[in-house]
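Since the structure comes first, as structure tokens, the remarks are kept for the end.
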Amino acid sequence: MSMHRRSALSGRPFAPDTLMMGYGYDPFLSEGSVKPPVFLTSTFVFRNAEEGKRYFQWAYGLKERDPSSDPEMGLIYSRLNNPDLEILENRLACWENADLSLVFSSGMSAITTTVLALVKPGQEIISTNPVYGGTDFFFEHICPRLNITVHRVSAGSDTPAKVEALLRERAGRVRLVHVETPSNPTNSLVDIRALAQAMKQVGVAPPDSEILLMVDNTFLGPLFQQPLNLGADLSVYSATKFIGGHSDLVAGALMGPHKLLKEVTVFRTILGTMADPFTCWLLMRSLETLDVRMRRQQENARRLVTLLKAHPAVERVYYPGELGETQNAIWQRQCSGSGSLIAFDVRGGEAEAFQVINRVEICKMAVSLGGTESLIEHPSTMTHSDLDEETKASAGITPAMIRLSVGLENIEDLEADLRSALAVLD
């Protein structure tokens, strides 16, 4: 028997970290295997022609399934559905108590498929700045080719007011507001609840649609921030990062209401942007330790923040809860933690930042974040190198900035490694 979200005896809801161990999976459908097998198959067998017809009608929206009388939707083809994909999506939805979640082949495929499904040519998007480099490239270079205009506002405490003003100026044109909070790499926070309220006050959407709020929740979620509970319509992730957490896969995820994700599902099916069965199996493995990994990484990060704030070679530290009074007020309202991504400016510029990065021994010099190992990189010339200098400056990405994703190593070793690397600037 598969596990449910609530206790069958007491009705008490189970916590997400409990649900990650068995929710959505019936061992007796897989020979009693305590863990879901990897279903490495391209296609699935129908019991009869009538069943095949029924499944395709539901899958392509030709007919609505009646939950009160119709049997469960079955398996067709791994581009549409697969047991590993479905079990994983059921579990992911628990973290934000979402109706549904969808899993994609990458974080970028989650964002691009969602935009293509929900934003029509001629409609407009508002996005915060900075955002992940791939997202920025999609908005700046690909959306215009699709006749989708993207407006940019800086991420920070005044983002809700800026978005509201732009919505009034572009009345009836904006379909989607995309927010990355904390932003990459500056960790700037946007008040999600205030932004959702500001959007509702404007209330002027394109014909036959509504203005949607999508939050990229990669940095803190799903453990330390839940955008859907703060008024967002969609919560999107690079599941490569903390959800995967072992730097051995690439994936993306989307959470939200059934009515929106149903539209995205059709586009995912046709575009073929779903995750493969083995990646889904790996993500299910990772979800079982998500809570303990993120909390230990945060514990290590906070120790390193204390070191960096006191070090004479460090000009500034960017970390949630350490960003000034106004930003800290937002952090206290909407976050339950600070995560493990730190950015900091060394005294000097690019040359000095490179000197520090080149001296580390434990931290691996690589992009990405949220893995079990600590990673260090230079945003201006690596992850955000495609941004022009003016955009970098407005986003606060300086030549002296270093980004550090803190892993699970012994904290005293990490502290010693960082001190040794910074000593080159003494």
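Only the coordinates and a few stated rules stand behind these numbers; no lab work does. This structure is a prediction, so every number in the text was calculated from the model and none was measured. Here the Cβ is made from the backbone with ideal geometry for all residues, glycine too, and neighbour counts use every protein chain on show.
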- R0 = 41 Å: FRET efficiency of R145 with E299, Cβ-based, nearest 0.05? 0.35
- Task: Evaluate E = 1/(1 + (r/R0)^6) for R5 and I270, where r is the Cβ-Cβ distance and R0 equals 22 Å; express this FRET efficiency to the nearest 0.05.
- Result: 0.10
- Message: Between E210 and N328, what is the label-point separation in nm under the 7 Å Cα-to-beta-carbon projection?
- Response: 3.7
- Roughly what % antiparallel, to the nearest 5, for the DSSP beta bridges in the chain? 55
- Message: To make sure I understand, if each residue's beta carbon is the centre and we count other beta carbons within 10 Å, what order do D17, D417, D26 fall in, fewest to most?
- Response: D26, D17, D417
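If we count every other residue with Cβ under 10 angstrom of E140's Cβ, Lys/Arg +1 and Asp/Glu -1, where does the sum land?
-2
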- Message: Please list log₁₀ I(q)/I(0) at q = 0.13 Å⁻¹ for the stretch 135-253, using the Debye equation with identical point scatterers on the alpha-carbon positions.
- Response: -0.53
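Taking every DSSP beta bridge with both residues inside the stretch 83-287, roughly what % is antiparallel (nearest 5)?
35
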- Residues in the stretch 385-424 near a label at A351, defined as backbone nitrogen under 20 Å from the 7 Å Cα→Cβ point? 398-402, 421-424
- 222 nm [θ] for the chain, helices only, -39500 (n - 2.57) per DSSP H run of 4+, per residue, to 500? -11000 deg cm²/dmol
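With charges only on Cβ, +1 for K and R and -1 for D and E, what is the dipole size of the stretch 1-119 about its Cα centre, in debye, rounded to 20?
Roughly 20 debye, rounded to the nearest 20.
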- Note on the structure: Sparse-neighbourhood loop hits (GluC sites (Glu not before Pro), the stretch 1-55; DSSP loop; Cβ within 10 Å at most 14 others) -> E31
- Message: Just to confirm a number: summing +1 for Lys and Arg and -1 for Asp and Glu over residues other than F344 whose beta-carbon lies under 13 angstrom from that of F344, what do you get?
- Response: -1
- Simple spin-label model, 7 Å along Cα-to-Cβ: F56 to T381 in nm? 5.6
- Query: With the Cα gyration tensor of the stretch 122-196 giving a ≥ b ≥ c as the square roots of its eigenvalues, does the rule (a/c under 1.5 for rounded; else a/b larger than b/c for prolate; else oblate) give rounded, prolate or oblate?
  - Reply: oblate
- Shape of the stretch 279-363 from its Cα gyration tensor (a ≥ b ≥ c, root eigenvalues): rounded if a/c is under 1.5, otherwise prolate when a/b > b/c, or oblate? oblate
- Message: Give me the net charge for the shell around V38: Cβ to Cβ below 10 angstrom, other residues only, Lys and Arg +1, Asp and Glu -1.
- Response: -1
- Note on the structure: Between Q197 and E412, the two model label points (7 Å from Cα along the beta-carbon direction) sit apart by a distance in nm of 4.8
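Dipole size in debye (nearest 20) for the chain around its Cα centre, Lys and Arg Cβ +1, Asp and Glu Cβ -1?
860
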- Item | Taking the chain and dividing mean pair separation by its residue count, relative contact order in percent (alpha carbons under 8 Å, at least six apart) | 16
- Task: Just report the Cα centroid separation between the stretch 248-272 and the stretch 1-53, whole Å.
- Result: 20
- Please arrange I357, I397 by counting, for each residue, the other beta carbons lying within 10 Å of its beta carbon, fewest first. I357, I397
- Message: If you average the alpha carbon positions of the stretch 192-222 and of the stretch 391-426, how far apart do those two centres end up, in angstrom?
- Response: 33
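Specify whether the C-alpha gyration tensor of the stretch 6-72 places it in the rounded, prolate or oblate class, a ≥ b ≥ c being the square roots of the eigenvalues: rounded for a/c under 1.5, otherwise prolate if a/b is larger than b/c and oblate if not.
oblate
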- Message: So for the chain, if I pair up every lysine 8 or more residues apart or on another chain, how many of those pairs have alpha-carbons under 21 Å apart?
- Response: 11
- Between D99 and D158, what FRET efficiency follows from the Cβ-Cβ distance if R0 is 35 Å, with the result rounded to 0.05? 0.65
